[in-house]
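Have a look at the structure below before the remarks.
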């Protein structure tokens, strides 16, 4: 599959360095130190990816991680281009994350690695909570698991063979019915 190089280069990507870790390899003469980097890359419009890179020097590790992140970009459906369509929970290893959609003006309520993912993705309003580990690698992977399980009404309607209005309309009708009964 041939890619169009002009469209990929035209998009300005946001790069966020999340974590740098010094790692050691014990050899006969002592320890050899290297560096591991975790980088998030996104276009701010619904595409985001992450990558790990290891090298003997920090700049090389960051460069490798950035290249991997650019290759692993995934598209996430956003509601009104600012928040998630629905609440979602996911886990990776010992890291568990809860992501909740939020009203306009809420901002990004998230810590460290999760905040970097949301900023690179282009989400402006989200509430999140990480439970369990604070390991940046596991939190980023758990966040990606959660984001990839988000479905837009268009995807659900296509899967069910219905119209988007049938799916979204029901949600609006249920809210008005509940108000009428109160």
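Checking the conditions here, which among 74, 97, 88 is out of contact with any helix residue (DSSP H, G or I) (no Cβ under 6 Å at 6 or more places or on another chain) and closer than 13 Å to residue 147 by Cβ?
Values: 97 fails: out of contact with any helix residue (DSSP H, G or I) (no Cβ under 6 Å at 6 or more places or on another chain); 88 fails: out of contact with any helix residue (DSSP H, G or I) (no Cβ under 6 Å at 6 or more places or on another chain).
After ruling out the rest, the residue left standing is 74.
Working only within segment 28-58, note down all residues that are within 17 Å of residue 18 (Cβ to Cβ) and either in the same structural domain as residue 151 (by TED's automatic domain parsing) or free of Cβ contacts under 8 Å to residues at least 60 places away in the same chain (or both).
Within segment 28-58, 35, 36, 37, 39, 49, 51, 53, 54, 55, 58 qualify.
Give me a count of the residues in segment 149-179 that are more than 17 Å from residue 75 (Cβ to Cβ) and either surrounded by 14 or more Cβ atoms within 10 Å (Cβ to Cβ) or modelled with pLDDT of 60 or more (or both). Write out each step before concluding.
Just the residues of segment 149-179 that are more than 17 Å from residue 75 (Cβ to Cβ), to begin with: 157, 160-179.
Next, from what is left, pick out any that are either surrounded by 14 or more Cβ atoms within 10 Å (Cβ to Cβ) or modelled with pLDDT of 60 or more (or both): 157, 160-169.
Here the count works out to 11.
When segment 66-77 is examined, which residues are found to be in contact (Cβ under 8 Å) with a residue 40 or more places away in the chain and not in a strand (DSSP E or B)?
Across segment 66-77, the qualifying residues are 66, 69, 70, 76, 77.
Anything in segment 48-57 that is under 24 Å from the mean Cα position of the chain (by Cα) and surrounded by 15 or more Cβ atoms within 10 Å (Cβ to Cβ)? List them, or say none.
So in segment 48-57, the residues under 24 Å from the mean Cα position of the chain (by Cα) come out as 48-54.
The answer is 48, 49, 50, 51, 52, 53.
Restricting to segment 125-168, name every residue that is outside any helix (DSSP H, G or I), in contact with a strand residue (DSSP E or B) (Cβ under 7 Å, 6 or more places away or on another chain) and on the phi < 0 side of the Ramachandran plot.
Passing the criteria: 125, 126, 127, 128, 129, 130, 131, 133, 135, 149, 150.
State which residue is farthest from the chain's Cα centre (by Cα) when the search covers only segment 83-124 and only residues that are in contact (Cβ under 8 Å) with a residue 60 or more places away in the chain and more than 20 Å from residue 43 (Cβ to Cβ).
Just the residues of segment 83-124 that are in contact (Cβ under 8 Å) with a residue 60 or more places away in the chain, to begin with: 84-86, 88, 112-113, 116-117, 119-122.
Add one more test, that the residue is more than 20 Å from residue 43 (Cβ to Cβ), and what stays is 86, 88, 112.
Numbers: 86: 15, 88: 12, 112: 13 Å.
Only one residue fits best here, namely 86.
The values are calculated or read from the model by the stated rules, or taken from the named source; none is laboratory data. Please read these numbers as outputs of a predicted model, since none were measured by experiment. Every residue, glycine as well, gets a Cβ built from its backbone with ideal geometry; the counts of neighbours run over all protein chains shown.
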